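*Asks:* I'd like to ask you about the structure that follows.
The values are calculated or read from the model by the stated rules, or taken from the named source; none is laboratory data. Predicted, not measured: the structure shown is a model, and the values here were computed from it. Neighbour counts run over all protein chains shown; Cβ positions are idealised from the backbone, glycine included. To get the accessible areas, we keep the full protein, side chains included, count just its heavy atoms, and leave off ligands, DNA and RNA. Shrake-Rupley method; radii C 1.70, N 1.55, O 1.52, S 1.80 Å.
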Amino acid sequence: GDEFAVIMCDIRGRHEVEALCREIVAAATTPFDVLGGQAMVGISIGIAIAPAAGLDRSELARKADIALYQAKRGGGLNFAFFSDDMSQAVRQRRELETDLGRALKSGTELDVVFQPRYAAEGLVLSGVEALLRWHHPRIGAISPYTFIGLAEDCGLINPLGDLVLRRACTATRAWDLEAVSVNVSAIQLRQGDFAERVLTLLDETGMQPGRLEFEITESTLIGGSDASARNLATLRAAGVKISLDDFGTGHSSLSYLMRLEVDRIKIDRSFVRAIGESAQSNSIVQAIVTMAHAVGVTVTAEGVETQEQQDFLVAIGCDHLQGYLLSPPLSALRMIEIIADKDARRAKSDIEAA
Ligand code: C2E
Ligand code: CA
Ligand code: CA
């Protein structure tokens with residue numbers, strides 16, 4: 001494939017290995033001309049040194065491979081020396097992958113919770129975001145920040161995504177809400193039959209496409225393949241909404257982002273956190289809202305934690321708010337109570353008005 005091995009003999013220390021690595025990296029990453037443009041290749045190197053890392057050929061190759069994986073992950077230097085904690089980390093990861101596969105089969109350790117989203121006007125409940133939870137029997141609660149990446153690496157993200165979508169639709173189809181948001185990762189969107197499978201699932205669960213919203217990140221939307229673009233087009237044609245998650249955290253300019261075809265943007269919580277810190281950070285949030293509205297896109301602010309942030313966002317006309325100040329993610333049962341309560345209040349005010 002695209003991997004090469006280098007064997008160095010009679011080395012007098014790590015510095016010699018490092019020097020060779022630097023030379024290889026420099027040579028490989030020198031830009032070159034292709035069809036009138038400049039191109040560059042990236043390279044990563046994993047190193048295992050005998051006899052410390054072993055004396056067996058395949059053992060050394062395996063450990064160099066573990067170090068290579070580390071070098072690819074940990075930005076900065078392009079090379080890494082094998083160490084024992086690396087192989088422990090790899091072992092733990094493998095165990096977790098096996099556990100996740102099991103959790104997926106039984107389904108009992110996995111749970112979908114819902115974080116309410118409120119309309120800024122009158123702070124009425126308008127939608128929910130479905131968020132996955134994993135209660136590991138031995139480790140306890142594991143954050144999606146850890147296990148979604150794991151599921152993406154080991155190919156479990158597709159069945160996991162299906163589980164979330166099915167549970168989210170089944171739980172919420174009867175709730176009187178404008179929209180139910182579900183996060184999807186790039187790998188899911190890349191499957192050739194993703195859109196068809198989603199539409200079948202909507203049909204099976206009785207959820208209207210117009211009430212489902214997919215949250216995708218900037219890199220997924222921009223770096224997507226042809227298959228992703230086809231899926232998005234099919235889903236949008238069926239009425240499914242697309243929301244740009246973690247808005248502003250990628251590398252694109254605001255004006256570029258405003259040209260993407262989405263129904264909603266979610267201002268990342270790093271911007272929300274900065275509200276009140278400087279006149280400049282307030283202006284950025286305000287500019288995002290103004291630009292989005294100019295192109296007909298709805299804006300949600302996520303991670304709203306303080307009254308000051310809420311007041312500011314309401315004042316500048318942000319459409320929806322989501323965050324711990326208003327509500328943490330809740331179980332489906334708790335959501336049902338809240339919705340019943342909202343319906344009761346509405347019925348009461350209808351009676352009073354009549
Ligand atoms: P996200 O899409 O940005 O989701 C929002 C995260 O922020 C959630 O964390 C939520 O619990 C948390 N949050 C909500 N309000 C606040 C607040 O006021 N302050 C702070 N500091 N945090 C708040 P969670 O549930 O741990 O999810 C983490 C990430 O995992 C999500 O980030 C999303 O990218 C991913 N994720 C979660 N569920 C799924 C899923 O079903 N599929 C996929 N592909 N990704 C998922
Ligand atoms: Ca999200
Ligand atoms: Ca987000």
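*Asks:* Could you sort 163-169, 312-318 so that the peptide with the highest average Cβ count within 10 Å comes first and the rest follow in order?
*Replies:* 163-169, 312-318
*Asks:* Sticking with this one: Suppose each label sits 7 Å from its Cα in the direction of the beta carbon; what would the residue 340-residue 174 distance come out to in nanometres?
*Replies:* Each label point is offset 7 Å from its Cα along the Cβ direction, giving 1.1 nm.
*Asks:* Once you sort the root eigenvalues of the Cα gyration tensor of the chain as a ≥ b ≥ c, which label holds: rounded (a/c under 1.5), prolate (a/b larger than b/c) or oblate (the other case)?
*Replies:* prolate
*Asks:* Right, here's the next one. Work out how much length residue 145 to residue 95 would gain on full extension: take 0.36 nm times their residue separation and subtract the Cα-Cα distance, in nm to one decimal.
*Replies:* So the extension gain works out to 16.3 nm.
*Asks:* Next question. Assign one of three labels to region 167-285, namely rounded, prolate or oblate, based on the Cα gyration tensor with a ≥ b ≥ c the square roots of its eigenvalues; rounded applies when a/c is under 1.5, prolate when it is not and a/b is larger than b/c, and oblate otherwise.
*Replies:* Oblate, because a/c is 1.5 or more while a/b does not exceed b/c.
*Asks:* Another question about this same structure. Rounded to the nearest 5, what % of the DSSP beta bridges within the chain are antiparallel ones?
*Replies:* Once the DSSP bridges in the chain are tallied, antiparallel ones form about 40 percent.
*Asks:* Still on this structure: Report, in degrees rounded to the nearest 10, the 0 to 90 angle that the Cα long axis of helix 157-172 makes with the longest principal axis of the chain.
*Replies:* 10 degrees
*Asks:* Once you keep just the Cα pairs under 8 angstrom separated by 6 or more residues, what percentage relative contact order results for region 86-177?
*Replies:* Result for region 86-177 is 24 percent.
*Asks:* Right, here's the next one. Post the alpha-carbon centroid distance, region 53-109 to region 7-33, in whole angstrom.
*Replies:* A separation of 24 Å, based on Cα centres.
*Asks:* Just to confirm the number: angle between the C-alpha axis of helix 14-29 and the first principal axis of the chain, 0 to 90 degrees, nearest 10?
*Replies:* Here the helix axis deviates by roughly 60 degrees.
*Asks:* Please give the contour-minus-distance gain from residue 291 to residue 190: 0.36 nm per residue of separation, less the Cα-Cα distance, rounded to one decimal in nm.
*Replies:* 33.4 nm
*Asks:* Additional query: Per residue, what accessible area does the chain have, given a 1.4 Å probe and all protein chains present, in Å²?
*Replies:* For the chain, the per-residue accessible area is 54 Å².
*Asks:* On full extension of the chain, what length is gained from residue 41 through residue 282, given 0.36 nm per residue of separation minus the C-alpha to C-alpha distance?
*Replies:* That works out to 82.8 nm of additional length.
*Asks:* What FRET efficiency would be calculated for the residue pair residue 308, residue 3, taking the C-beta separation as r and a Förster radius of 35 Å, to the nearest 0.05?
*Replies:* With a Förster radius of 35 Å, E is 0.10.
*Asks:* Sticking with this structure for a sec: Label residue 14 and residue 219 with points 7 Å out from Cα along Cα→Cβ: what is the distance between them in nm?
*Replies:* For residue 14 paired with residue 219, the spin-label model returns 2.8 nm.
*Asks:* Here is a follow-up. What's the angle, to the nearest 10 degrees (0 to 90), between helix 194-205's Cα axis and the longest principal axis of the chain?
*Replies:* 40 degrees
*Asks:* Same structure, new question: Heavy atoms only, probe 1.4 Å: what % of the accessible area of region 271-354 goes to carbon and sulfur, would you let me know?
*Replies:* 56 percent
*Asks:* Something else now. Return a whole-number percent for the relative contact order of the chain, with Cα pairs under 8 Å and 6 or more residues apart as the contact set.
*Replies:* 12 percent.
*Asks:* So for the pair residue 77, residue 274, with labels modelled 7 Å out along Cα→Cβ, what separation do we get in nm?
*Replies:* Spacing of the two 7 Å Cα→Cβ label points: 3.2 nm.
*Asks:* Now for a different question. If Lys and Arg each add +1 and Asp and Glu each add -1, what is the summed charge of the other residues whose beta carbon sits under 11 Å from the beta carbon of residue 142?
*Replies:* 0
*Asks:* Please state the shape class of region 45-171: rounded when a/c is under 1.5, otherwise prolate if a/b exceeds b/c and oblate if not, all from the C-alpha gyration tensor.
*Replies:* It comes out prolate by the Cα gyration axes.
*Asks:* Can you give the calculated 222 nm mean residue ellipticity of the chain, where each DSSP H run of n ≥ 4 adds -39,500 (n - 2.57) and the sum is split over every residue, rounded to the nearest 500 deg cm²/dmol?
*Replies:* The helix contribution divided over the chain gives -15000 deg cm²/dmol.
*Asks:* Further question: For the chain, modelled as a GNM with alpha-carbon contacts under 10 angstrom, which of 248, 140, 296 fluctuates the most?
*Replies:* 140
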